[in-house]
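The values are calculated or read from the model by the stated rules, or taken from the named source; none is laboratory data. The model shown is predicted, which means the values in this text are computed figures rather than measured ones. Reconstructed Cβ throughout: ideal geometry from the backbone, glycine too, with neighbour counts over all protein chains shown. Ligands, DNA and RNA are excluded from the accessible area calculation, which covers all protein heavy atoms including side chains. Shrake-Rupley method; radii C 1.70, N 1.55, O 1.52, S 1.80 Å.
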Amino acid sequence: MKHKIIQKTISVTLLVGLALGSLSCNNWFDVSPKTDVKAGDLFTTETGYLSALAGIYNWLAKEHVYGENMTFGLIDQMAQIYDWTPRGDTDRAKVYTYNIETPDDYNTKTLLAQTWLNSYYVIANANNLIKWLDKNGEEVLKNEATRNMIRGEALAIRAYVHFDLLRGWGPIYKNDPTALSIPYRTVTGDQKLPLLEAQEVLKRIIADLNEAKNLLAHESDQQILDLNLSRRFRLNYHAVNAVLARVYCYAQDAPKAIEHAKEALEKSGLELQVNNTEDPAQYRETLFGINLDKMSDKIKSKFAESPKNLSSLYHSTMETFNTLYEVSGTNTEDIRAKSSGFIRFSDHAKVLTRKYIENSEEIIPLIRIPEMYYILCEMSPINEAAQYLNKVRNKRGFATASNVRITSEEDRLRELDKEYRKEFYAEGQYFFFLKRHAFTTFINCPITPMSKEQYVFQLPDSEKEYGWTIESEKPEKK
């Protein structure tokens, strides 16, 4: 398909040409004269600009970013949805060990450091692309729509990645929005930048997303299915709207969250699916996802339909699965819990998701339309909340007779919890839901009560050594 052709034109060499220094701890963002020459050569043609942008998306698919750690991998291990992982981790509580290395269990400290490093590497390359657009974009890119698309996507990428860094390394926002969190990098050099208050980071994320939305407005009246096939694998106009809904929900700005969620639903043209037999990952509902090229080869050590050794894969016990999906007996109405969604190994009483096994589009979803309904449920008045949750449930197979009722905040949070864990199994969203609402316990939770010690990731040692430490004082307000 066309999106795969675009992705495959990008070689590692091209991305290295964009690299702002090596991935060593003290020069992540260093721009050497040699690198500038390479970038200068790259950004002399429209093809060079488009290749640079596609190369950034390729990096998003690396295992330390959204190719594993921040989707079905480490972040979902923190949500305790798996009972076994490819590493053979056994002590559930050790996944929250952020200050020391635990090589026999989870290796969380190293994995988070790699995610931090690679995430800021993506941001650095997005910043470099924006820098070159400022330098010679009008001269090289004669078509204004093309210039706007490239800049809009670069800004959206920068905002998207910063937001997930904030969700991980930032505070439990509703409890402490002024806590120091992460730097917001908009420069390409190796300048040291201070840790910013979480609310300030959020303002900058929103500003970037709003600018991106304006730049991509030429897509606003086109439904996703009418756009080029590759646009679902890029931060298109509708995806940016959806990300804004997610961000405003995090900020507890109900009017803005509702506005953007409704616009994403109304304008994208995507609909909730009633069948996942050939599409367990729900590509047809995806507003934005990454393409993991040669997925079957890369994923077989994580998920496999006929594994030689089930214990080497991400999987759940039948007991955990039944609890997560509220399955009683052998039958379920929910298509997400049927054999179309999971492989059942009855002899072992274990289950394994099909999302990345039967996946012809090779997509890892990063934002899908069910989340827009959940945001509307969470942000709307109590008397309107249930209809949005039931909309998803009915499409997933539940009869209207089993519709949920929401008459209190406790009802709302309880029902949202159930839906997030069902809908986003192996997609990396559930842990952030738990953190956002400061859940003190949940299914398979090994530590009670959960607190900021488990929910807030610690800065990597390299950032403390070469950057700004978590102990930095807040800047004086002028």
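Determine which single condition Ser306 fails, assuming it passes every other condition in (1) hydroxyl-bearing (Ser, Thr, Tyr); (2) closer than 17 Å to Ala426 by Cα; (3) over 27 Å from the mean Cα position of the chain (by Cα).
Only one criterion is unmet by Ser306, namely (2).
Looking only at the range 68-96, which residues are outside any loop (DSSP other than H, G, I, E, B), buried (at least 21 other Cβ atoms within 10 Å of the Cβ) and not acidic (Asp, Glu)?
Leu74, Ile75, Gln77, Met78, Val95
One line per residue, one yes/no per condition, for (1) modelled with pLDDT of 95 or more; (2) within 23 Å of Thr320 (Cα to Cα); (3) not polar (S, T, N, Q):
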{"residue": "Met372", "(1), (2), (3)": "yes, no, yes"}
{"residue": "Ser380", "(1), (2), (3)": "yes, no, no"}
{"residue": "Tyr430", "(1), (2), (3)": "yes, yes, yes"}
{"residue": "Lys435", "(1), (2), (3)": "yes, yes, yes"}
{"residue": "Ile443", "(1), (2), (3)": "yes, yes, yes"}
{"residue": "Tyr455", "(1), (2), (3)": "yes, yes, yes"}
{"residue": "Thr469", "(1), (2), (3)": "no, no, no"}
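Taking Gly67 as meeting all but one of (1) among the small types (Gly, Ala, Ser); (2) out of contact with any strand residue (DSSP E or B) (no Cβ under 9 Å at 6 or more places or on another chain); (3) modelled with pLDDT of 95 or more, write down the number of the exception.
Going through the list (1) among the small types (Gly, Ala, Ser); (2) out of contact with any strand residue (DSSP E or B) (no Cβ under 9 Å at 6 or more places or on another chain); (3) modelled with pLDDT of 95 or more, Gly67 breaks only (2).
Can you work out which of the residues in the range 323-369 that are among the β-branched types (Val, Ile, Thr), touching a helix residue (DSSP H, G or I) at 6+ places or on another chain (Cβ under 6 Å) and over 26 Å from Ala239 (Cα atoms) is surrounded by the most Cβ atoms within 10 Å (Cβ to Cβ)?
Val351
Say we look at the range 341-359 and pick out the residues that are hydroxyl-bearing (Ser, Thr, Tyr) and modelled with pLDDT of 95 or more; which of these is nearest to the chain's Cα centre (by Cα)?
Only one residue fits best here, namely Tyr356.
Restrict the check to the range 100-109 and report whether at least one residue is part of a helix (DSSP H, G or I) and either more than 23 Å from the chain's Cα centre (by Cα) or of a type outside the set (Asp, Glu) (or both).
Scanning the range 100-109 turns up at least one residue that is part of a helix (DSSP H, G or I) and either more than 23 Å from the chain's Cα centre (by Cα) or of a type outside the set (Asp, Glu) (or both).
Yes/no matrix, rows are residues, columns are (1) open to solvent by less than 10 Å² (accessible area, probe 1.4 Å); (2) modelled with pLDDT of 95 or more:
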residue	(1), (2)
Leu272	no, yes
Asp279	no, yes
Asn309	no, no
Phe321	yes, yes
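Going by the conditions given, is Ala385 under 22 Å from Phe433 (Cα atoms), touching a Phe, Trp or Tyr at 6+ places or on another chain (Cβ under 7 Å) and open to solvent by less than 60 Å² (accessible area, probe 1.4 Å)?
It is false that Ala385 is under 22 Å from Phe433 (Cα atoms), touching a Phe, Trp or Tyr at 6+ places or on another chain (Cβ under 7 Å) and open to solvent by less than 60 Å² (accessible area, probe 1.4 Å).
Which condition number in (1) closer than 24 Å to Val456 by Cβ; (2) surrounded by fewer than 22 Cβ atoms within 10 Å (Cβ to Cβ) is the one that Leu180 fails?
Here Leu180 meets the rest and fails (2).
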